[in-house]
Amino acid sequence: MHAVAEYEKVKNIIPPIEWPVFAPLIERINTLKAEKNAVILGHNYMTPEIFHCVADITGDSLALARSAARTTADVIVMAGVHFMAETAKLLNPSKTVLIPDTGAGCTLAESITAADVRALKARYPGVPVVTYVNTSAEVKAESDICCTSGNAAEIVESLRVPRVIMVPDEYLALNTARRVRTEIIPWRGRCVVHERFTAEDVRALRATTPGLTVLAHPECSPDVIAESDYAGSTAGMSEFVARERPPKVVLLTECSMSDNVAAEYPDLEFVRPCNLCPFMKKIELSNILAALEHGCHEVVIDPAIAARARVSVERMLAGWRP
Ligand code: SF4
């Protein structure tokens, strides 16, 4: 598709003066994708020129994992962070999976190691480990089943056990515990973006913008969730906006999410208290193009670890019960 047509999708959010910087990169990327039978998976936190103009499949971690499991492309470029690329590789061991910047990490993924999970299992024998997808393949390999912020409560309840260990996001674990009857043993990981929102922030936003609808990601603290009108994954927030059309809305999550949703709803007022994810922002059009041109950086996982980690991801996708 010609870059002029692409601009139609983002004209509400990208000023015309900025477009000449993006247009040639977008054209080159979209041409190379076709030549190499490549697909770009774009997380909701990508900037609008990536999300709307070069990503073939967009969504939250769960949607990207499902799409990765179905793709017929030879090459998958992950416009997201490293654990997402690893998840795509786990589900597509024979395909080439590329991450445009190896520094695209995640504070949650870095908060726990495989040894930490083994120690938890030793401390709580027989208690299943539910692991947020925001983790390394090594941690997934030690886990019983994965979850995302969109399905955490359903996954916990599906296990039909009195207690689970949920790692690594403490806030997701505490927020999930409020929705289920299962006892949840949390870990102490935090997301650098969502932990910064406070309940006081929400009250101040409501005071300055009467009639504001507040949507919050479950990686925010339980205090923030209690002050919000809705809590859900990035996909859940998008669906809420599409369904309810709140005239004034704030999304308590990463900045680009608001930009991407706002591009589709120019009639709604988006209040934007901006918290950027420094890891997501490492992915740019220039390094996506370099990934396609040079095949960098290929995600490689030790086959023995991958085999065990794959089980926990596939159980999530299949609705497994112990
Ligand atoms: S927004 Fe938070 S959870 Fe998502 S990649 Fe960034 S640090 Fe990790």
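So here's what we get for this one:
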quantity	calculated
Cβ charges +1 (Lys, Arg) and -1 (Asp, Glu), total dipole of segment 122-233, debye	200 debye
Stokes-Einstein diffusion coefficient of the chain, Kirkwood radius over Cα pairs, 20 °C, 1.002 mPa s, in µm²/s	106 µm²/s
Length-normalised contact order of the chain in % [C-alpha pairs under 8 Å, at least 6 apart]	22 percent
Protection-proxy order for peptides 256-268, 45-57, each taking the mean of Cβ atoms within 10 Å per residue, highest first	45-57, 256-268
Base-10 log of normalised Debye intensity for segment 191-267 (one unit scatterer per alpha-carbon) at q = 0.13 Å⁻¹	-0.34
Solvent-accessible area, 1.4 Å probe, carbon plus sulfur percent, for the chain	51 percent
HN-Hα J in Hz across segment 56-61 - Karplus 6.51, -1.76, 1.60, θ = phi - 60°, x for Gly and Pro	8, 10, 10, x, 8, 4
Over segment 147-292, relative contact order from alpha-carbon pairs under 8 Å, at least 6 apart, %	19 percent
Residues of segment 188-303: accessible area per residue with a 1.4 Å probe, Å²	43 Å²
Estimated [θ] at 222 nm from DSSP helical runs (n ≥ 4, -39500 (n - 2.57)) normalised by residues in the chain, nearest 500	-13000 deg cm²/dmol
Segment 121-172 - accessible surface per residue (Å², probe 1.4 Å)	31 Å²
Among Val10, Gly80, Phe51 the positive-end extreme of the charge dipole of segment 2-159 (Cβ point charges)	Gly80
q = 0.26 Å⁻¹, segment 3-77: log10 I(q)/I(0) [Debye, one scatterer per Cα]	-1.19
Solvent accessible area, Å² - Met84, 1.4 Å probe, full protein context	10 Å²
For the chain, the longest site-free run once trypsin sites (Lys or Arg not before Pro) in DSSP loop states with at most 15 other Cβ atoms within 10 Å are removed	12-159
Amide proton proximity set for Asn275, modelled H, under 5 Å, gap of 5+	Cys255
Karplus 3J(HN,Hα) series, Hz, for segment 284-298 with 6.51 cos²θ - 1.76 cosθ + 1.60 (x for Gly, Pro)	9, 4, 5, 7, 5, 4, 4, 4, 5, 6, 10, x, 10, 9, 6
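The values are calculated or read from the model by the stated rules, or taken from the named source; none is laboratory data. Quick caveat: nothing in here was measured; it's all calculated off a predicted structure. Don't worry about glycine lacking a Cβ; one is built from the backbone with ideal geometry, like all the others, and counts go over all protein chains shown. These accessible areas exclude ligands, DNA and RNA; they are computed on the full protein's heavy atoms, side chains included. Shrake-Rupley method; radii C 1.70, N 1.55, O 1.52, S 1.80 Å.
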